[in-house]
1. In the stretch 107-145, how many are in contact with a strand residue (DSSP E or B) (Cβ under 9 Å, 6 or more places away or on another chain) and over 26 Å from Tyr66 (Cα atoms)?
2. Taking the condition touching a helix residue (DSSP H, G or I) at 6+ places or on another chain (Cβ under 8 Å), crowded, with 17+ Cβ neighbours inside 10 Å and at pLDDT 90 or above, does Val50 pass?
3. With Phe100, Phe74, Phe96 as the choices, which residue is modelled with pLDDT under 95, in contact with a Phe, Trp or Tyr (Cβ under 7 Å, 6 or more places away or on another chain) and closer than 17 Å to Ala49 by Cα?
4. Using the structure shown, decide if Ala21 is farther than 13 Å from Leu110 by Cα, hydrophobic (A, V, I, L, M, F, W, C) and at pLDDT below 95.
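The values are calculated or read from the model by the stated rules, or taken from the named source; none is laboratory data. It should be emphasised that the depicted structure is a prediction, and the values quoted were computed from it without experimental measurement. Virtual Cβ from ideal backbone geometry, glycine too; neighbours counted across all protein chains shown.
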Amino acid sequence: MKMQTINVNTKRFLNIFFVSAVLSITSLATRANSVGDRTGDDNGDKTAAVKYIGSLDGQRMFNVLYTNNSGARFSVKVQDGEGNLIFKGSFTDKKFDKKFKLEGTDTDKLVFTITNSSDNSTQAFEVNASTRLVEYIEVKELDKN
């Protein structure tokens, strides 16, 4: 009987932990997809997007999309919350679609910056991550039979 109680409690804890993790990931994805300074191209359209994909082995993964119709050189820079450079690259792709797996980022804040060299337009995306653990405890009186 005790073994079943332990398994049921363990299962409840894991379910609650899973729900908490999903809520945290959803919160992170929403912030990554909606926060940022988007100056865009000449007609004001946004040309870049940063999307949170998920995490694998504790490493956060993001997809950076950039529409560069002119084919001009642009740079992608990723910094942590303190301004330390994590990644910097220069590209000329017309349809930029790159996935970033950020290893060893213990920070809760990241900034993705895309700068077009031809017109000096800049688009920046701030990612704020938070992890929450919700503890749910239930005490029940059991019938003695």
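1. Residues meeting the conditions: 0.
2. Yes: the conditions hold for Val50.
3. Selected residue: Phe100, the only one of Phe100, Phe74, Phe96 that is modelled with pLDDT under 95, in contact with a Phe, Trp or Tyr (Cβ under 7 Å, 6 or more places away or on another chain) and closer than 17 Å to Ala49 by Cα.
4. Criteria met by Ala21.
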